[in-house]
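Before any comments, here is the structure.
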Amino acid sequence: MTNPKLTAASGPWTETPTRFVEAAGVRFAYRRLGPAEGVPIVLLNHWGANLDNFDPRIVDGLAAHRPVYALNYRGVGASGGTAPLTIRAMAADIVAVLRALGLRQVDLIGFSLGGFVAQEVVLAAPDLIRRVVLAGTGPAGGDGIEKVGPVSWPLILKGLATFKDPKTYLFFTSTRNGRQAAAAFIARLKERRADRDKAVTPRVFLRQLKAIGAWGRQAPQDLSKIVSPVLVANGDHDIMVPTENSRDLARRIPGAELVLYPDAGHGGIFQYHGPFLERATAFLAD
């Protein structure tokens, strides 16, 4: 399906300009690249992430064939407003942004926190969503999700103590393969030199963590109501959102596909960005 107001956006992700759209009383920052034709792919990112935390290899690979929109949440980076304290409020913002952009139907890729939001979006506005990829994420009330903070803080402090990006320890395994993948991923995130997004503030970081904790304590949702085709992806050793949550999503969402990458953690789709891109592209092309 062709959506209105789409024009081709040339150039790689690292050179894609930041744009803004007014929705729900807030000015949201986003980036848009790829061709003018096709169902747009919308990317929703993780806890504490701004626009510069999307993996350039995945974004560029998707944008080779489809329009791609990467969105900031309210209060994050250059977006205005105050970061919401619930996943449902974040999802309501995303629905408002999609409608403000004039997008009639999209495919969603949600990673981690973005996967929580994507579930709420598809349940609240199924008319907007064609297909969904849920990566490194889990359902409301899922196993260990309310413990994301206690699991993460020691590894964040370890990152500070070792002068390494905490994602080294949070997203990847401690094996040689995991550490090499972590270094490569973090280097890719630094490839953009100009027009970088505003840093995520500690206040946003903590407010998002409260939303994650609330999601983990929330009663399970009826995921059988999701009628859009869904691909679930993760590493087989995710310690942030335990891998069993991916299996649970695949069991509870009708017809969902599941892929688990070996010797990989929360950032399995980044460690295996090539195979993930191939799988996601084929899934979204159907």
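Figures for the structure shown
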quantity: All positions within segment 22-36 that are in a strand (DSSP E or B) and surrounded by fewer than 16 Cβ atoms within 10 Å (Cβ to Cβ); calculated: 22, 27
quantity: Residues located in segment 172-184, provided they are closer than 23 Å to residue 13 by Cα and either of a type in the set (Ser, Thr, Tyr) or in contact with a Ser or Thr (Cβ under 9 Å, 6 or more places away or on another chain) (or both); calculated: 181, 182, 183
quantity: In segment 252-269, the residues that are among the small types (Gly, Ala, Ser), closer than 17 Å to residue 168 by Cα and surrounded by fewer than 24 Cβ atoms within 10 Å (Cβ to Cβ); calculated: none
quantity: Of the criteria (1) acidic (Asp, Glu); (2) under 23 Å from residue 50 (Cα atoms); (3) surrounded by 15 or more Cβ atoms within 10 Å (Cβ to Cβ), which one residue 191 fails; calculated: (3)
quantity: Every residue from segment 172-209 that is without any contact (Cβ under 8 Å) to a residue 60 or more places away in the chain, closer than 18 Å to residue 136 by Cα and within 19 Å of the chain's Cα centre (by Cα); calculated: 186
quantity: Segment 270-286: number of residues that are hydrophobic (A, V, I, L, M, F, W, C) and crowded, with 20+ Cβ neighbours inside 10 Å; calculated: 4
quantity: Qualifying positions in segment 219-233 - buried (at least 19 other Cβ atoms within 10 Å of the Cβ) and over 11 Å from residue 133 (Cβ atoms); calculated: 223, 226
quantity: Of all residues in segment 189-221 being in contact with a Gly (Cβ under 6 Å, 6 or more places away or on another chain) and not in a loop (DSSP other than H, G, I, E, B), the one that is farthest from residue 18 (Cα to Cα); calculated: 209
quantity: Residue among 114, 75, 110, 61 that alone is in a loop (DSSP other than H, G, I, E, B), at pLDDT 95 or above and of a type in the set (Gly, Ala, Ser); calculated: 75
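Okay, residues lined up against (1) of a type in the set (A, V, I, L, M); (2) in contact (Cβ under 8 Å) with a residue 40 or more places away in the chain:
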site: 222; (1), (2): no, no
site: 226; (1), (2): yes, yes
site: 240; (1), (2): yes, yes
site: 245; (1), (2): no, yes
site: 258; (1), (2): yes, no
site: 262; (1), (2): no, no
site: 265; (1), (2): no, yes
site: 279; (1), (2): no, yes
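Residue-by-condition table, conditions (1) more than 25 Å from residue 206 (Cβ to Cβ); (2) surrounded by fewer than 23 Cβ atoms within 10 Å (Cβ to Cβ); (3) over 15 Å from the mean Cα position of the chain (by Cα):
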{"position": "46", "(1), (2), (3)": "no, no, no"}
{"position": "53", "(1), (2), (3)": "no, yes, no"}
{"position": "73", "(1), (2), (3)": "no, no, no"}
{"position": "82", "(1), (2), (3)": "no, yes, yes"}
{"position": "90", "(1), (2), (3)": "no, no, no"}
{"position": "103", "(1), (2), (3)": "yes, yes, yes"}
{"position": "113", "(1), (2), (3)": "no, no, no"}
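The values are calculated or read from the model by the stated rules, or taken from the named source; none is laboratory data. Since this is a predicted model, take the numbers as computed values, not measurements. FYI the Cβ positions are ideal-geometry reconstructions off the backbone, even for glycines, and counts take in every protein chain you see.
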